[in-house]
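**Q** Mind having a look at this structure? Questions to follow.
The values are calculated or read from the model by the stated rules, or taken from the named source; none is laboratory data. In this text the structure is predicted, and so the values were computed from the model without any measurement. Reconstructed Cβ throughout: ideal geometry from the backbone, glycine too, with neighbour counts over all protein chains shown. The protein model used for the area step is the full one, side chains on, heavy atoms only, and it has no ligands, DNA or RNA in it. Shrake-Rupley method; radii C 1.70, N 1.55, O 1.52, S 1.80 Å.
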Amino acid sequence: MTLRVVVADDRRLVAEALASALRMRGHRVLAAGSPVGRAVELTTGRSPEVCLLGSAEPDGASVLEPLARLVAQSPKLAVVVLGPVPCPRGVAAAFAAGARGYVRHDERIDGVERALARARAGDAAVAPGLLREVFGALLEPGPAPAAEGARLAAQLTPREAHVLLRIVDGDDTRRIADGLGVAPSTARTHIQRLLAKLGTATRLEAVAVAVRTGLLEQLGRTRPPGPGAAGD
């Protein structure tokens, strides 16, 4: 099956090499470029079926933000992340942001090709061994992430925890304000305080930190009280 592909990698030579290898295997590479932040630009107006994003830090905001924008802009586009596996939670963060596949950067080109084809078909393209690692880390957080998640949870007020869970669920500022029973300007203040406590600059980065550190498990995925909650 011939695929229409866009390749974006933080390393220009890697992007060019991947594009060349995929073309040699009969696929239509519509664009290739660097860094990953250009992914949205590279896909605009080209209608690819799959986008391959390569980075040494796949759970960082520089990857998760363009990934989320790609998914929001083109829901039918299958995004596959190419990167190392320093932490299974990073893989989970990529999927949480909308990725349909994850491939190790040392995978052979035929493995990358299979992942792209599976993602295009609507399947989750991830090696079984890696998937087991991810689920194991999520179900049994290691001591370091759990400790970090507990530390962060202790710093959040009930309303900030409520805001974080709503951000994870995809709510915008208006919905967050409605849930809290406050004005949007007040909700924005809570959001900025939350980002500051998590040491992040964006909401998407805050989600990645919450996943990676086990903060969501610490909060128990149970919403704190909304309107009228104490602890502002």
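**Q** State the extension gain, in nm to one decimal, for the chain segment bounded by Lys76 and Glu16, taking 0.36 nm per residue of separation less the distance between their alpha-carbons.
**A** Full extension of this stretch gives 19.1 nm more.
**Q** Report the accessible area of Leu216, computed with a 1.4 Å probe over the heavy atoms of all protein chains in place, in Å² rounded to the nearest 10.
**A** 20 Å²
**Q** Now for a different question. Can you pull the semi-axes for the chain, root of five times each eigenvalue of the Cα gyration tensor, sorted largest first, whole Å?
**A** 35, 19, 14
**Q** Would you mind getting me the FRET efficiency between Ser185 and Ala154? Use the beta-carbon distance for r and R0 = 35 Å, nearest 0.05.
**A** E(calc), rounded to 0.05, equals 0.80.
**Q** If I model a spin label as a point 7 Å beyond the Cα along the Cα-Cβ vector, how far apart are those points for Arg132 and Met24 in nm?
**A** 3.3 nm
**Q** Net charge near Arg4: determine it from the other residues with C-beta under 13 Å of the C-beta of Arg4, scoring Lys and Arg +1 and Asp and Glu -1.
**A** Net of charged neighbours comes to +4.
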